[in-house]
Amino acid sequence: MFLFAVYALATLGVLVGAFVSPGFRAIAYAPLRDLIIPPPKPIVLDVLYSTEKAAWIDEGVRRFLTSGPRVEGRPIDIELSKSGSREMYLAVLDGDVEPDLISPASMLQISLLEDLSAARTDRFGGPVVDRRDTGTCRPVLNTPVVLVAWENRSDVLWGGNPNGQLWLRLHEAVTRETWEVYGHPEWGFIKFGQTNPLKSNSGFQSFLLMTYNYAEKSSGLSNEDILDAGYQAWYREFGRNVTQFGDSTGTFMEEIVAYGPSRYDIVAVYESTAIEHIDNAVARYGSSHGGLQVIYPPVTSLSDHPFCVLDAEWVEPEEAQAAKRFLDFLTDREMQELALHYGFRPVHEGVSLDQPGSPFGRYEGNGVRLNLPDQVEVPAGNVLNTLLEFWARNVQP
Amino acid sequence: MDILKRRETMGRNWSCVGKELGRIGTRHQILRSMKGNGLMRRGLSYLALATMVSVVLLTGCGNLPLPGGKRVTITMIYGSEKEAWLVPLIEVFNSEGHETEAGATIFVEATPMGSIVSGDRIVEGTLKPTVWSPASSAYVPVTNASWLQKHGEDLVVGTPNDLVLSPVVIAMWRPMAEALGWPGESLGWADIAALATSEGGWAGYGYPEWGSFKFGHTHPDFSNSGLISVIAEAYAAADKPRDLTLADLQDPELKAFMADVESSVIHYGESTGFFATRMFERGPSYLSAAVMYENLIAAQEAKRIRGESNQPPVVAIYPEEGTAWSNHPYIILNAPWVSDEQRGAAEIFEAYLLAEPQQRLSVTYGFRPSDPGLPLSTPLDLEHGVDPTEPKTVLEVPSAEVVVGVQELWRSEVKKPVDVVVVMDTSGSMEGKKISSARSSLVDFIDLMDDRDRLQVILFSDEMITLTELSPLAEKRQEVRNRVSGVIEGGDTKLYSAVEFAYRELDAHGDPDHIRVIVVLTDGQDTASPITLPELTARIGAQSESGDATKIFTIAFGRAADREILQQIAEITGGRQYDSDPETIGEIYAEIATFF
């Protein structure tokens, strides 16, 4: 018995020693280690984000956590969850999720969440986000919505110069149905794809841009503009002839490359998605079809990937503080340089698009531009909601 | 949700510690039972125990291998065209012991099947796979719509990923394609229709030595490429690339165009792969052109270039009116028989197939990888008869109701009718279960035929009795069903004479514009014919080089039948020999029916 006691004590000593000594601590069995000497409770940030920036954000979280960030002595941990941009704000409104930080693809969704949450007095004490407070809510990456077309197609439609005619020509082409009208019966019917505005932000943005274009303005879009019968007939006709309203922007880009022009002539996607695949198209088809051409709308709308800390009862003050730390990290030079390599436009003014190795210079021949046209104004949440309602009732396939 | 997940992981770790301690307890008992009570010995045993506890706790038991792992099996039904790529990959995957999140080892079992018939059987509930990967998405909406109607929810949820891609093309021997103006001229369905109705076939194009134009595609009720063929014919006839409607299908001109194309078809069939094999084995005298996938042509050309095929080169014609893609979607079914564990396992297998090495490998089989980051390299080049810059356009996949409408139109009005002579052994050895199943399955076979088809039934034993002469089924269907149901057995087996008689009958009364088929069912060997096998094969093999000659399908019914002789009889005509018994005879008849 005596010997047992001695050995037991010795074992315990070895164990405690092992857990305390840093070399052993790392490989020791975590639950037991933490039971003996509890570490400070981490602050867990629940982050909901839209998928287009997944590669960049995953790397960002890895780098952020490696730097050992702490708030009041407590380490920060991050739980990332992917979500569609619209799904994201609807889930917050319905109380299905309680994230600390959200990052949809664009300010459009923040604008909707701000307005719609203010109206939900049963659930919230006021708007859960404030898009004017740049300390808690600001864009971290920019990428405009663009059209990507096989060059021989875009030459026929726009002759390399879409100017103000981009959306009108697209409408005309899509509703004319076949390329025969343009002297190319061998290309079959005109195949245009964009995402469903109810499911994906890029589709929502191109829909908004077309609507602004019809109303011949770039700011102050109103409910009256959307309820206009001429506009509704015009857009409905377009919607009927769109080849595919898909769920995912990435899938369109992958398919236009994987299937070649037989599947899609033109798709509406993000500039960053297009940049990612320009070389793939060359590897697959060489110079036939002329490669992929990126076409910018005359007035654009940015997918600006805002990160916004929620002003809600479930967000503890330390969590809000940790969220702001993370937001600052993402907008720092290092992460912004990295964004450039993923084909995003950095928001950090010190990071130039025009630098060696930048994809923006490399793909100039494919129409990629350094300077962006002006942006349309982001309409108020209730106007955006009217737009989506119109789509859901009249265009939804 | 994520927080919950983390707690689960923690719980698992703790229970794992419990398990380990339990095992140590067992070891402890073993130690205690060791002989000898000396202080030293006991001390050593405690030391050993203490060391073990330390080791387990220090290293973390999660890393210790736990014996006796669970296994999860996923079943997959797939279009046979990707067999050459898929089957070796499944073997590798199974041997690598991939695991689910919960640690169960994944095992994949895959079966090839026609893409349309598999969808129909899933809806019926007679086929219950975890994963369904037909050759293309074209028929998926039809399958889903039927399922939805029956079960009130979707069978296919979301947009499934494509595994590999290959356009539907018309394979044609290069000299023949060149005679049509290829590669300078764009060719399409209209050219096929013109050839099909050309007086004297190839003679109208200056090549009388090639005989008639012999065309082939699979059966649109069973196989994806067959369905695509008839939809493409309808579009070409309607002269538009999209928005095919039910009203279009009523147009007499459309029907005439489709019937023209179909008139040159030598026979249909269940599997595109089978068609390709037939064409590449038998050469231009058997088939001038057939609808298949680009990958099959690239693979054949690679074989020819390696010196493994003596046929002339073959090229892919991308129909100028447009075509469709075979995209091999990977569909994890939203069906009650698919468990969450299987779903998870199926996702892991999917990720494996979509990973770069497996995608890259698909190119060697002539597929275009679905991964857009991979280039289209050899054999996807002009040297191998294919053009990676084609096709230029696709045809829009019509709505589910229009797809069904095209199938119905094909069946009832435009498909090439068939003249079938069934030769059935009624000798004494057929008694019992054999004769009863042969009777009932023949009735089912008759039900698979259309009213325009013509049928003759010959019974043979010592004598030959013509149960019904060659005439359209429309006027005699019920009567023939009744007569077949009353057939009885008795006597010897005059097999050769019966086959020869059937052949003569079809030669004399068969319509050269119909598909002509003899189906022979026998359970024994020839015991009484006045003619010999060489005499028979000399006679039936005389015209067999031509794809539109009479085909003989032979069924060896039970073990006593002489399979080798039956195979010889079938293959000399371009037909096929089957082994069967009372349990499988229905399936064999159904398979034969896919040829017409």
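Per-structure values
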| quantity | calculated |
| --- | --- |
| Partner chain coverage, peptide B:385-398 - average Cβ within 10 angstrom | 5 |
| Semi-axes of the equivalent ellipsoid for chain A, Cα gyration tensor, largest first, Å | 47, 26, 18 |
| Average beta carbon contacts from partner chains per residue of A:262-274, 10 Å cutoff | 2 |
| Per principal axis, descending, Cα span of region A:158-200 in whole Å | 35, 25, 15 |
| Fraction of beta bridges assigned by DSSP in region B:417-593 that are antiparallel (%, nearest 5) | 20 percent |
| Difference of contour (0.36 nm per residue) and Cα-Cα distance, B:Ser377 to B:Ala256 | 39.4 nm |
| DSSP-defined antiparallel bridges as percent of all bridges, region A:46-184, nearest 5 | 20 percent |
| Sorted by Cβ neighbour density within 10 Å, fewest at the top, the residues A:Thr121, A:Thr251, B:Thr111 | A:Thr121, B:Thr111, A:Thr251 |
| Ratio Rg/Rh [Cα only; Rh per Kirkwood] for the protein assembly as shown | 1.06 |
| Fluctuation leader among A:Arg345, A:Arg138, A:Arg369 - chain A, Gaussian network, Cα springs under 10 angstrom | A:Arg369 |
| Value of [θ]222 nm, deg cm²/dmol, for the protein assembly as shown, DSSP H segments ≥ 4, -39500 (n - 2.57) each, nearest 500 | -13500 deg cm²/dmol |
| Rounded Å value of the spacing that divides the Cα centres of region B:137-185 and region A:93-117 | 40 Å |
| Neighbour-count ranking [beta-carbon atoms within 10 angstrom, fewest first] of B:Tyr318, A:Tyr214 | A:Tyr214, B:Tyr318 |
| Interatomic Cα distance distribution for region B:270-363, bins of 5 angstrom, percent | 2, 10, 16, 16, 14, 14, 11, 8, 6, 3, 0 |
| Part-to-part distance (alpha-carbon centres) for region A:341-381 and region A:146-202, which is given in Å | 23 Å |
| Partners for A:Lys199 among lysines (Cα-Cα distance below 25 Å; same-chain residues under 8 apart left out) | A:Lys53, A:Lys82, A:Lys191 |
| Between helix A:249-258 and chain A: long-axis angle, C-alpha atoms, 0 to 90°, nearest 10 | 70 degrees |
| Selected from B:Pro534, B:Ile465, B:Pro417, residue furthest toward positive end of dipole (region B:417-593; charges at beta carbon) | B:Ile465 |
| Gain on full stretching of the segment that runs from B:Arg481 to B:Leu148 - 0.36 nm per residue minus C-alpha separation | 116.4 nm |
| Out-of-range pairs (alpha-carbon distance over 27 Å; input B:Lys82/B:Lys392; B:Lys150/B:Lys416; B:Lys82/B:Lys240; B:Lys433/B:Lys494) | B:Lys150/B:Lys416; B:Lys82/B:Lys240 |
| Cα-based helix-to-principal-axis angle, B:294-305 vs chain B, degrees rounded to 10 | 80 degrees |
| Ranked by how many other beta carbons lie within 10 Å on average, peptides A:350-360, B:346-356 from highest | B:346-356, A:350-360 |
| For peptides B:419-426, B:257-264, A:130-137, sequence by mean Cβ density within 10 Å, most packed first | B:419-426, B:257-264, A:130-137 |
| Three-way shape call for region B:417-593 based on the alpha-carbon gyration tensor, with the a/c threshold at 1.5 | rounded |
| More than 32 Å apart - percent of Cα-Cα pairs taken over chain B | 56 percent |
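A short reminder: the numbers here are calculations on the coordinates, not readings from a lab. Because the structure is predicted, anything quoted here is derived from the model rather than measured. All Cβ positions, glycine included, derive from the backbone under ideal geometry; neighbour counts span all protein chains shown.
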